[in-house]
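Peer 1: Here it is, the structure in full.
The values are calculated or read from the model by the stated rules, or taken from the named source; none is laboratory data. What you see is a predicted model; the values in this text were computed from it and never measured. Cβ coordinates were reconstructed from backbone atoms using ideal geometry, including for glycine residues, and neighbour counts include every protein chain displayed. Remember, those area values only see protein heavy atoms, side chains included, never the ligands or the DNA or RNA. Shrake-Rupley method; radii C 1.70, N 1.55, O 1.52, S 1.80 Å.
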Amino acid sequence: MKEPLIFDLSRQGRRGICFGTSDTPISPIEELIPGNLLRSEPADLPEIPESEVVRHFIRLSGLNYHVDKNMYPLGSCTMKYNPKINDAVSDLQGFTSMHPLQPAETAQGSLRLMYELSVMLSEIAGMAAVTLQPAAGAHGELTGILLIKKYHESNGSKRDKLLVVDSAHGTNPASAAIANYETISVASNAEGRTDIDDLKAKLTPDVAALMLTNPNTLGLFEKDILAIEKLVHENGSLLYMDGANMNALMGITRPGDMGFDIVHYNLHKTFSAPHGGGGPGSGPVGVCEKLVPFLPVPVIEKTDKDGHPYYSMNMDKPQSIGRMMNFYGNFSVLVRAYTYIRMLGAEGVRRVSENAILNANYLLSRLTDTFELPFPEPVMHEFCLSGDRQKKQHNVRTLDIAKRLLDYGFHAPTIYFPLIVSEALMIEPTETETIETLDAFADALLAIADEAANNPDLVYNAPTKTPVGRLDEAQASRKLNICYSGGC
Ligand SMILES: *Cc1c(COP(=O)(O)O)cnc(C)c1O
């Protein structure tokens, strides 16, 4: 299927709208705009009737895959359905017409929303305070690591190493490197969890913190978290939680209660704000009491003014790491997350996690006879299969399976991550899918396993039903060409 650019659909003189003649005299344009700012040629804009504009964009939207179309089983990414009420609320004129430089006394509603969201997030993760500034999970990690740095500096402690478990998301070591830390990898054990002996060996006096994802990217809860917490704190190090996987924990248990000092959240995962395509996202960071003085400014505070609550932005925090973002973070994402939590309530938030775990285990139970499960046990919100059996027996790789899923109308799961599982297929169904959708997805994967055995060409050549066929992935990333062939 080929959809031309809107410029190619243009025909000179076609109009989407016709204005009647004005009954008010209008000055000539030359009198309104200084001559040197006037175009000498009309702007090169497409000329298209309204009906063609609408059809063009509807056709384009159909070429995309998105959460409104079908399940999006990307492990670790928590691509859940985004309730439309969140958009409706963030579109309210009272929010969209705000200017970030408006005086606080004229922005009380927006400040209150941010304050209350930070309180709710603190409660969900069991932290003392939360900053809403960071614009993504990775940005939250960087913020957290700068807080760690400032904390140790303020104690006169020189520590230049960060420990990261080998199943961690790639952003963990990347954020550590940006903050100028040396990253030391801690091994996973035969169960897929942090290897305590390896941790002990690497926990030297120059370690600033351990970054841990719990449940980890294999969907396994770190059962020894309290022992880990003790080791880390006895070493004078801090414990950082990559909280992108809060979808398994909410309302059930809290990072703060496990002894984590810092946690980042992904509002664009757990809290249903749309993501993909680069944002905007939001990666708030929660901290324990002793790190509160270092949080980024401005800090949104609630005080009392003439017997009424008053919300203000406090810049006067001498120990703060400073600003992580212009203004206050991605405000419209904050409105969506606030709406999401308020619509669910405390009970609903817990049910989200319970159902995410139930869905993951249901799907896993339908697939484990056919695909290998390297760490066989019940999981939390996601699980990681291996395509090793299909590769060894039929020379069909996980990449082929992922491509074939597209022909069945499903987005592929996360593949080849985490790095410690060979031919990894990492699946996270989320709580928003019905049993019928989960079954349809399982049926598709089982059918593909069958094709791999009996008609592997179907799988090698996939996808055949998508707008473009299989891309050369190496060329696509090495020689990126995003020019439209009709135009440039
Ligand atoms: C998504 C994710 C991140 C990074 O979040 P971004 O918003 O993409 O920067 C970090 N850790 C884990 C476990 C994640 O799933």
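Peer 1: I'd like to know if region 52-74 contains one or more residues that are in contact (Cβ under 8 Å) with a residue 12 or more places away in the chain and polar (S, T, N, Q). Write out each step before concluding.
Peer 2: Restricting attention to region 52-74, the residues satisfying the condition of being in contact (Cβ under 8 Å) with a residue 12 or more places away in the chain are 52-53, 56, 59-60, 63, 65-68, 70-74.
From what's left, polar (S, T, N, Q): 70.
Yes, region 52-74 has at least one match.
Peer 1: Out of the residues in region 237-275 meeting the condition of being more than 10 Å from the ligand (Cβ to nearest atom) and open to solvent by 30 Å² or more (accessible area, probe 1.4 Å), tell me which one is modelled with the lowest pLDDT.
Peer 2: Per the criteria, the residue is Pro274.
Peer 1: Let me ask something else. For region 303-325, enumerate the residues that are over 15 Å from Pro103 (Cα atoms), under 29 Å from the mean Cα position of the chain (by Cα) and open to solvent by 100 Å² or more (accessible area, probe 1.4 Å).
Peer 2: Initially, region 303-325 is screened for residues over 15 Å from Pro103 (Cα atoms), giving 303-309, 316-325.
Going one step further and asking which of them are under 29 Å from the mean Cα position of the chain (by Cα), we end up with 320-325.
Residue satisfying the conditions is Arg323 alone.
Peer 1: I need the full set of residues from region 342-382 which are in contact with an Asp or Glu (Cβ under 8 Å, 6 or more places away or on another chain), open to solvent by less than 30 Å² (accessible area, probe 1.4 Å) and within 21 Å of Gly192 (Cβ to Cβ), in order please.
Peer 2: Ser353, Ala356, Asn359, Ala360, His381, Glu382
Peer 1: Here is a further query. Among the residues of region 75-97, write down those that are out of contact with any helix residue (DSSP H, G or I) (no Cβ under 9 Å at 6 or more places or on another chain) and crowded, with 20+ Cβ neighbours inside 10 Å. Break it down into steps so the answer makes sense when it comes.
Peer 2: Taking region 75-97 as the starting set, the residues that turn out to be out of contact with any helix residue (DSSP H, G or I) (no Cβ under 9 Å at 6 or more places or on another chain) are 75-77, 79, 81, 84, 93, 97.
Selection gives Gly75, Ser76, Cys77, Met79.
Peer 1: Which pairs have Cβ atoms under 8 Å, sit 6 or more apart or on different chains, and link a residue in region 242-258 that is of a type in the set (Lys, Arg) to one that is in a helix (DSSP H, G or I) and crowded, with 20+ Cβ neighbours inside 10 Å?
Peer 2: Arg254/Ile124; Arg254/Ala125
Peer 1: Just checking, which of Thr398, Thr414, Thr432 is under 16 Å from Val459 (Cβ atoms) and among the hydroxyl-bearing types (Ser, Thr, Tyr)?
Peer 2: Values: Thr414 fails: under 16 Å from Val459 (Cβ atoms); Thr432 fails: under 16 Å from Val459 (Cβ atoms).
Checking each option against the conditions leaves just Thr398.
Peer 1: For region 364-377, what are the residues that are over 23 Å from Ser188 (Cβ atoms) and outside any loop (DSSP other than H, G, I, E, B)? Can you show your working first?
Peer 2: Quick first cut of region 364-377, residues over 23 Å from Ser188 (Cβ atoms) only: 365-366, 369-370.
Within region 364-377, Ser365, Arg366 qualify.
Peer 1: For region 62-70, state whether one or more residues are modelled with pLDDT under 95, open to solvent by 40 Å² or more (accessible area, probe 1.4 Å) and not in a loop (DSSP other than H, G, I, E, B).
Peer 2: Yes, that holds for at least one residue.
Peer 1: Just checking, how many residues over region 378-405 are at negative phi and in a loop (DSSP other than H, G, I, E, B)? Please lay out each step first, then the result.
Peer 2: First pass over region 378-405, keeping only residues at negative phi: 378-394, 396-405.
Now restrict to residues that are in a loop (DSSP other than H, G, I, E, B): 378-382, 387, 396-397.
Of the residues in that region, 8 qualify.
Peer 1: Something else now. Ser485 passes all but one of (1) hydroxyl-bearing (Ser, Thr, Tyr); (2) at pLDDT below 95; (3) at positive phi; which number fails?
Peer 2: Status for Ser485: all satisfied but (3).
Peer 1: For Gly283, state whether it is outside any helix (DSSP H, G or I) and in contact with a His (Cβ under 7 Å, 6 or more places away or on another chain).
Peer 2: Numbers: outside any helix (DSSP H, G or I): yes; in contact with a His (Cβ under 7 Å, 6 or more places away or on another chain): yes.
In short, yes.
Peer 1: Please go through region 131-180 and pick out each residue that is away from the ligand (no atom under 16 Å from the Cβ) and either part of a strand (DSSP E or B) or among the hydroxyl-bearing types (Ser, Thr, Tyr) (or both).
Peer 2: Initial filter on region 131-180 (away from the ligand (no atom under 16 Å from the Cβ)): 147-161, 180.
Selection gives Tyr151, Ser154, Ser157, Lys161.
Peer 1: Test Leu101 against the stated conditions and say whether it is more than 16 Å from the ligand (Cβ to nearest atom), assigned to a helix (DSSP H, G or I) and more than 30 Å from Val421 (Cβ to Cβ). Lay out the reasoning, then the answer.
Peer 2: Numbers: more than 16 Å from the ligand (Cβ to nearest atom): yes; assigned to a helix (DSSP H, G or I): no; more than 30 Å from Val421 (Cβ to Cβ): yes.
In short, no.
Peer 1: Among the residues of region 287-297, are any in a strand (DSSP E or B), over 30 Å from Glu382 (Cβ atoms), more than 16 Å from the ligand (Cβ to nearest atom) and in contact with a Lys or Arg (Cβ under 7 Å, 6 or more places away or on another chain)? Show your work before the answer.
Peer 2: Residues of region 287-297 in a strand (DSSP E or B): 287.
Among the residues that remain, those that are also over 30 Å from Glu382 (Cβ atoms) are: none.
Within region 287-297 (the criterion being in a strand (DSSP E or B), over 30 Å from Glu382 (Cβ atoms), more than 16 Å from the ligand (Cβ to nearest atom) and in contact with a Lys or Arg (Cβ under 7 Å, 6 or more places away or on another chain)), the answer is no, since none of the residues qualifies.
Peer 1: A further question follows. Under 7 Å between Cβ atoms, at least 6 apart or on separate chains: pull out the pairs that start in region 325-337 with a residue that is on the phi > 0 side of the Ramachandran plot and end on any residue that is crowded, with 23+ Cβ neighbours inside 10 Å and hydrophobic (A, V, I, L, M, F, W, C).
Peer 2: Sorted first by the residue in region 325-337, then by its partner, the pairs are Gly329/Leu132.
Peer 1: Let me ask something additional. Filter region 286-297 down to residues that are buried (at least 19 other Cβ atoms within 10 Å of the Cβ) and out of contact with any Pro (no Cβ under 9 Å at 6 or more places or on another chain), then give me how many there are.
Peer 2: Total meeting the criteria: 5.
Peer 1: Further, regarding this structure: Would you confirm whether any residue within region 380-391 is touching a helix residue (DSSP H, G or I) at 6+ places or on another chain (Cβ under 7 Å) and free of Cβ contacts under 8 Å to residues at least 60 places away in the same chain?
Peer 2: yes
For every residue, the table says whether it meets (1) modelled with pLDDT under 95; (2) closer than 16 Å to Gly281 by Cβ; (3) not in a loop (DSSP other than H, G, I, E, B).
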residue	(1), (2), (3)
Glu301	no, no, yes
Met313	yes, no, yes
Lys317	no, no, no
Gly322	no, no, no
Tyr338	no, yes, yes
Ala346	no, no, yes
Arg350	no, no, yes
